[in-house]
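First comes the structure, then the notes that go with it.
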Amino acid sequence: QVQLVESGGGLVQAGGSLRLSCAASGLAFSSYAMGWFRQALGKEREFVAAVSWSGGTTDYADSTKGRFTMSRDNAKNTAYLQMNSLKPEDTAIYYCAAGQSALLVRRGVNNYWGQGTPVTVSS
């Protein structure tokens, strides 16, 4: 059974930083692309970032480019999202996803999903 467990969310002031982690089990982690999505209250879930299976390719939403960095450690079966210069509009539940490629992860095609971790950015 595939499990993706997010951690690292919390409350932070605007301009601050947080690092989210996604620990994966039940899948060949190094063969899967990984991604992060978020869903704010009353809004649809949106793509945040993705990384290829090797970590060599990353993709970001325009709203997070330059502020967020996604990475992975295949030896630890864990993906990360470093979030800097946080803004109140970054407030959301952040979800980890795993899929066949970074492009398919971004498109939400056949993704595995975690349960989410909340991030609140105060102004």
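Only the coordinates and a few stated rules stand behind these numbers; no lab work does. Please read these numbers as outputs of a predicted model, since none were measured by experiment. Cβ sites come from the backbone with ideal geometry, for glycine too, and all protein chains shown count toward neighbours.
Whats the longest run of the chain with zero trypsin sites (Lys or Arg not before Pro) that are DSSP loop and have at most 13 other Cβ atoms within 10 Å? With trypsin sites (Lys or Arg not before Pro) excluded where exposed in loops, the chain gives 77-123 as its longest stretch.
Gyration tensor over the Cα atoms of the chain: the corresponding equivalent ellipsoid has semi-axes (square roots of 5 times the eigenvalues, largest first) of 22, 14, 14 Å.
Among the GluC sites (Glu not before Pro) found in region 19-113, those both in a DSSP coil and sparsely packed, with 11 or fewer other Cβ atoms within 10 Å of their Cβ, are GLU44. Here the convex hull built on the C-alpha positions of region 16-74 has a volume of 109 cubic angstrom per residue.
Across the chain, the relative contact order, built from alpha-carbon pairs under 8 Å that are at least six residues apart, equals 35 percent.
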